[in-house]
Amino acid sequence: MTVGHRPLLRQVTDHVVQAQVSGDPELLQRAVAVLRAGVQARPRDPAALADLGAALVTWYVFAAAAGDLAEAGALFDRARAAVRRGDPQLAPVLSLVGSWLALTAETAAQAREAVRVLRRAVAVNSPTR
Amino acid sequence: MSWPGYASALAAAIHGAYLFTGKRRMLDEAVDLARWAVQASDPEQDHDLPRHRMNLSSALLERFDRAGEIADLDEAITEVRLAIAARGPHQTDTHSLQSTLGHALARRSTETANGEDLDDAVTALRLSVELPPDHGDRAPHLTNLAVCPAQPVRVPR
C-alpha cells in the first residue's frame, strides 16, 4: 500500500504565502482573520470568498482542523455561485474552486467536473487569448 | 496566480480524474501539462514552482506505477528533490514532499537494488513524520514509513 503522494492541489493566495514560507501559524491565523473580515465586508465577492476558502485549506494543513475544511467547502460553493462570465476575477476564482473540487472529488463525475472548471480557468487566462 | 499555476492545478485535477477512470491518455496529458507548467515558470518569480514540481512528480510516479518506465521514476525523483531544495524546512508541504521522495526512492531501490536509494528513502520518510501527533497527515506518512522495504517500524514520538 502506498499513500501520501497525492497531488498537492492546494492553491494559496498572496495573503498566506508569507505564513507558508515562515511556517508561522500565528501569521496564518492573522491572514485568515483579515480574509474573514474581507468576506464580511463583501459577502458576494467571489474572490474574497475563494481566498478565505483557500486560506482555511492551508490552515487545515497547519492544524488538521476538519471544521475549517467544512467552512472552506461552503465558501467555495458560494464563490462558484457568485462568479459571473466575463468577470475579470474569473480565472483565479475558477482555479481555486476547481482545485477544491478536485481535492474533494469522490466520484468520477465530480473529478471530471473539477477538470472542466480548471480548463475554463486555463482558457480564460491563456496568454494566446 | 500565473498561467503556469493554472496549468499545474489543471494537471493535478486531470491526474485525480485518471485515478477514477484509468484512462492512460489522461495520465499522459497530466504529465505533459505539469511538465509544461514547470518549464514555463520563472524560478525567481514563481513561489509556487515547488508545487508545480510536486504535481509533475506525482503524475510521473503514477505513470511509472502503470507502465514501469524507469525514466519516469528518475524524473519524478529529480523533480521532488528540486522542490524540496527550494522549500524551507518549515513550509507547510515539506512533509508531503519528503514522503513522496521517500516513496519514490524506495520504489527505485526495489527496481535497481540500490542500497543508497533505500537509505535515502528511510531518511526522507523519517523526516516526513516529524509532525505533531494529532496532525491529520501524520498517519499516511507513517504508513509510507512502515511499508518501506527493510525498514524497522518505530513510531516517532
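Annotations
- A residue that is facing another protein chain (nearest Cβ under 9 Å), modelled with pLDDT under 75 and assigned to a helix (DSSP H, G or I) occurs somewhere in segment A:21-36.
- Residues of segment A:75-99 classified as in contact with a helix residue (DSSP H, G or I) (Cβ under 8 Å, 6 or more places away or on another chain), modelled with pLDDT of 90 or more and open to solvent by 30 Å² or more (accessible area, probe 1.4 Å), total: 1
- All of A:L69, A:L35, A:L56 fail the test of being under 20 Å from B:A9 (Cβ atoms) and within 10 Å of the chain's Cα centre (by Cα), apart from A:L56.
- Unmet requirement for B:G5, which otherwise passes all of (1) facing chain A (nearest Cβ under 9 Å); (2) modelled with pLDDT of 95 or more; (3) in contact with an Asp or Glu (Cβ under 6 Å, 6 or more places away or on another chain): (2)
- Qualifying residue in segment B:29-41 (condition: of a type in the set (G, A, S) and within 15 Å of the chain's Cα centre (by Cα)): yes
The values are calculated or read from the model by the stated rules, or taken from the named source; none is laboratory data. Please read these numbers as outputs of a predicted model, since none were measured by experiment. We place every Cβ from the backbone using ideal geometry, glycine too, and count neighbours over all the protein chains shown. Please note that ligands, DNA and RNA were not included when accessible areas were found on the heavy atoms of the full protein model with its side chains. Shrake-Rupley method; radii C 1.70, N 1.55, O 1.52, S 1.80 Å.
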